[in-house]
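Heads up: the structure comes next, in structure tokens.
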Amino acid sequence: MIKIWGRNNSSNVQKVMWVVGELGLAHERIDIGGAFGKNREPDYLAKNPNGLVPTLEEDDGFVLWESHAIMCYLAAKHRHPIEPADPKGRALAHQWMDWQHTVLAPAIFPVFVGLVRTPPEKRDEAAIAAGKTKTIEAMKMVDAQLARTKYMAGDAFSYGDIPIAIFGRRFRDLIAERPNYAHFERWYAEVSARPAFQEHVGAIPLS
Ligand SMILES: N[C@@H](CCC(=O)N[C@@H](CS)C(=O)NCC(=O)O)C(=O)O
């Protein structure tokens, strides 16, 4: 049985768990990181030298870190259609996954930390406001993509939708003053109705 090391309130763990749910894989998830700690201990650093979550561990000793690499590996190993068969569709899914890590996550990070993890009297309101502006700009690109295609990487749901939906949830929950991005909302209503989203993302409060 595969092991997923990582607390279930981590966005990067949630990406992997959503894939595990889509594929219906038998698994054990072990709480580590955040309030659970133990991710800087030698045993864990031997698996993942970053000391971050998630990490995948298989019965034969194969270990993999980086959430997107784990998602792609599991989908490829099980030949599951959430990995687009067409090289162009696959590349577009990877494009949006990279973009989530390099553009969308840094934009919303100060908003998340400020509103979810910082008491009101200690908040950096300017950093929160700047983060909201950057996130609204970034999500405009998502809305524009979804005006052209049904899903982020084309006509079918793929692993490229997963990081964007997990951060789309944060966008909706944390930025009340967002514009109405109708194409994003149409897509979000559909992908967030998937049982694997509901179990591994929607049911877990932001913390
Ligand atoms: N690029 C890495 C980032 C991993 C990462 O930053 N994980 C965060 C949680 S989302 C973490 O481990 N934080 C420290 C902790 O949980 O103690 C990935 O996608 O797996």
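Just so you know, all these numbers are worked out from the coordinates, no wet-lab data involved. None of these values were measured; they are calculated from a predicted model. All Cβ positions, even for glycine, are placed from backbone atoms using ideal geometry, and neighbour counts span all protein chains on display.
Ala85 is checked against (1) free of Cβ contacts under 8 Å to residues at least 40 places away in the same chain; (2) of a type outside the set (S, T, N, Q); (3) within 15 Å of the ligand (Cβ to nearest atom) and fails just one. What number does that condition carry?
With (1) free of Cβ contacts under 8 Å to residues at least 40 places away in the same chain; (2) of a type outside the set (S, T, N, Q); (3) within 15 Å of the ligand (Cβ to nearest atom) applied to Ala85, the lone miss is (3).
On the basis of being over 14 Å from the mean Cα position of the chain (by Cα) and either not in a helix (DSSP H, G or I) or not small (Gly, Ala, Ser) (or both), does Asp98 make the cut?
So Asp98 does not fit the description; no.
So which of Ala130, Ala138, Ala176, Ala156 ends up being outside any helix (DSSP H, G or I), within 13 Å of Val111 (Cβ to Cβ) and of a type in the set (Gly, Ala, Ser)?
From the options Ala130, Ala138, Ala176, Ala156, the qualifying one is Ala176.
When you look at Gly168, is it in contact with a helix residue (DSSP H, G or I) (Cβ under 8 Å, 6 or more places away or on another chain) and surrounded by 22 or more Cβ atoms within 10 Å (Cβ to Cβ), yes or no?
yes
Taking segment 27-75, which residues are within 12 Å of the ligand (Cβ to nearest atom), hydrophobic (A, V, I, L, M, F, W, C) and part of a strand (DSSP E or B)?
Those that are within 12 Å of the ligand (Cβ to nearest atom), hydrophobic (A, V, I, L, M, F, W, C) and part of a strand (DSSP E or B): Leu56, Leu64, Trp65.
With the condition kept exactly as written, say whether any residue in segment 125-143 is touching a His at 6+ places or on another chain (Cβ under 9 Å) and of a type outside the set (S, T, N, Q).
Scanning segment 125-143 turns up at least one residue that is touching a His at 6+ places or on another chain (Cβ under 9 Å) and of a type outside the set (S, T, N, Q).
Go through segment 20-46 and count every residue that is surrounded by 16 or more Cβ atoms within 10 Å (Cβ to Cβ) and more than 25 Å from Ile162 (Cα to Cα).
Total meeting the criteria: 1.
Could you pull out the residue among Val16, Val111, Val103 that is within 16 Å of the ligand (Cβ to nearest atom), among the hydrophobic types (A, V, I, L, M, F, W, C), over 25 Å from Gly154 (Cβ atoms) and not in a loop (DSSP other than H, G, I, E, B)?
Val111
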